[in-house]
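To start, the structure under review is shown below, and the notes come after it.
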């Protein structure tokens, strides 16, 4: 099979538009509702509530903004209003998913808190309930947990909820990547005390930007709406009695989201087909797809990923910004596969680098199932057990092109490229 570079780039995950989006954007333009109020915002919030099953949703400028206000709200509920400008979590520790994008955890720092990173489990690539239980043994005073669902696959959020309830801790649930996925028949984003979804440009439903705060408490939703518009008081002039932010979603962005939302199930079906084609195509290779507990959850299949078997890894070294590998017959590594995919005009990505390895957070506590751990250059092993699961997944895993506009023929080329890396 002769392989030629794709004429048009095959993306990791790009926006898929349908036509309705531009009509709602035009409506905003023609009615002159271009700012942070309008029908598109109202209808998008209603549609998300109906899908998720929550009582209210607040449309915000980004998923990060939604996370920030959720974490601030949880902090005020736990500790009261901040006494200084450093934030509501000043001097407090917060348990956070370790294998995730930094937007999940940065708002903890915005509010003056210290993130304590909880290791990952192989079964879902999400927060390990066993490591979380260990963390509560070490830090029993912690009262807030921020947990993410990676690549559209729900973590064991039922067990995490039970652990948090037992320890009197609140949950901020980052469902930015898992909109439309379910755990035990219930939508992700509806298990935490507060939930968050994202409409960033690469998400399964996009507005080019935007996110939503999800809650079953109407008073909390009112507070977040107020904070997101600079916390203006109900006065005829601009009166401010607490800190506010410019975080509200625009009616134009909401128009794109409003047009996208009816296509969520269609997008999930397309992403699932991509995952299944990869799984079949790689059945004879020493790799596994990103794991999914289909007995309890139904993912949205946002990104298809693989992890290379340990004995099929060629030698690979990663620095802070560069990587080197030594090619070996019958073996490969993420760096080699990603470089080969890029040669043919397609986009893949490394797995998220764990937060406890990021230079900005290297001094933060990190908890594994075995107890307290520290950042290391490679996944370390004790009596045959990997003690840094997130690092091991990062070292051996990668995200494949998962764009739902990719044709089966294009995907066959990607599969062939990966196969040749192991020759």
Using the per-residue mean of other Cβ atoms lying within 10 Å as a proxy for protection, in what order, highest first, do the peptides 334-341, 168-175 fall?
168-175, 334-341
Going by average Cβ neighbours within 10 Å, how do the peptides 354-362, 62-70 rank, with the highest at the top?
62-70, 354-362
Descending principal axes extents, the stretch 20-263, alpha-carbon based, whole Å:
58, 41, 26
Direction-averaged shadow area of the convex hull around the Cα atoms of the stretch 18-151, nm²?
10.9 nm²
Using only the Cα atoms of the chain, build the gyration tensor, take square roots of its eigenvalues as a ≥ b ≥ c, and label the shape rounded, prolate or oblate: rounded if a/c is under 1.5, else prolate if a/b is larger than b/c, else oblate.
oblate
By the mean-Cβ-within-10 Å protection proxy, highest first, 161-167, 48-54 rank as 48-54, 161-167
For the stretch 229-252 versus the stretch 299-335, the gap between their alpha-carbon centres in whole angstrom:
47 Å
From DSSP H assignment alone, runs of 4+ in the chain each adding -39500 (n - 2.57), the sum over residues rounded to the nearest 500 puts [θ] at 222 nm at -10000 deg cm²/dmol
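Computed from the coordinates by the stated procedures, all read-outs in this text should not be read as laboratory data. This structure is a prediction, so every number in the text was calculated from the model and none was measured. Ideal geometry is used to build each Cβ from the backbone, glycine not excepted, and the neighbour counts take in all protein chains shown.
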